[in-house]
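Let me begin by presenting the structure, written as structure tokens, before commenting on it.
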Amino acid sequence: MIRRFLREFMAGRYGFDRLNFFLILLGFVISILFSVIRIFFGRLIYTSQGAYTAYALLSYISYIPYLIAVFRALSRNLEKRRREETAFMSVADRWISFFTKKLRQYKDKEHRYFSCPTCHRTLRVPKNRGRIKIDCPHCGRQFFKRT
Ligand SMILES: [Zn+2]
């Protein structure tokens, strides 16, 4: 009964995707942030009615991502929602590869990583060799770094 209703209600609507998952996560993180603020700055918030009202109104920000996610899930403009998802994923992929790169560099205890001052490419050198001259193999720039 309820399942059939849901199926009919969602027919032709966009539904759930990774952007919506991200939006719900974002709303959750924002609401946690507001709880943390209340824990640490509670005395400031409760000093006056005005401060408390401002805090309460601001805390509604956490609902905005949820509302957008619900709007997107119920939307019948599938083409536009798919374009949003594609744009979101291309940004997300860039961030994910950036952080996996940083994590890999952090875990690497044998090398240090420097960015070439001229061409900005990442250069890997052995660790604990003192102050060494680094030759960038891409652009030929030479610079000194402590390893
Ligand atoms: Zn270079």
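Bear in mind these aren't lab numbers, they're just calculated from the coordinates by the rules spelled out. What you see is a predicted model; the values in this text were computed from it and never measured. All Cβ positions, glycine included, derive from the backbone under ideal geometry; neighbour counts span all protein chains shown.
How many residues are among the small types (Gly, Ala, Ser) and exposed (fewer than 10 other Cβ atoms within 10 Å of the Cβ) if we restrict to region 90-105? Matching residues across region 90-105 total 1. Restricting Glu84, Glu110 to residues that are closer than 23 Å to Phe28 by Cα, in contact (Cβ under 8 Å) with a residue 12 or more places away in the chain and either touching a strand residue (DSSP E or B) at 6+ places or on another chain (Cβ under 7 Å) or among the acidic types (Asp, Glu) (or both) narrows the list to Glu84. Of all residues in region 68-79, those satisfying the criterion of being surrounded by 12 or more Cβ atoms within 10 Å (Cβ to Cβ) and part of a helix (DSSP H, G or I) are Ile68, Ala69, Val70, Phe71, Arg72, Ala73, Leu74, Leu78.
Going through region 106-116 one residue at a time, which ones are out of contact with any Pro (no Cβ under 8 Å at 6 or more places or on another chain) and surrounded by fewer than 12 Cβ atoms within 10 Å (Cβ to Cβ)? Matches in region 106-116: Tyr106, Lys107, Lys109, Ser115. Scanning region 1-35 for residues that are more than 20 Å from Arg72 (Cα to Cα) and surrounded by 10 or more Cβ atoms within 10 Å (Cβ to Cβ) yields a total of 5. The sole residue among Arg82, Arg43, Arg38, Arg3 that is part of a helix (DSSP H, G or I), under 24 Å from Ile96 (Cα atoms) and of a type in the set (Lys, Arg) is Arg82. Among the residues of this structure, Tyr63 counts as one that is surrounded by fewer than 14 Cβ atoms within 10 Å (Cβ to Cβ) and either within 16 Å of the ligand (Cβ to nearest atom) or aromatic (Phe, Trp, Tyr) (or both).
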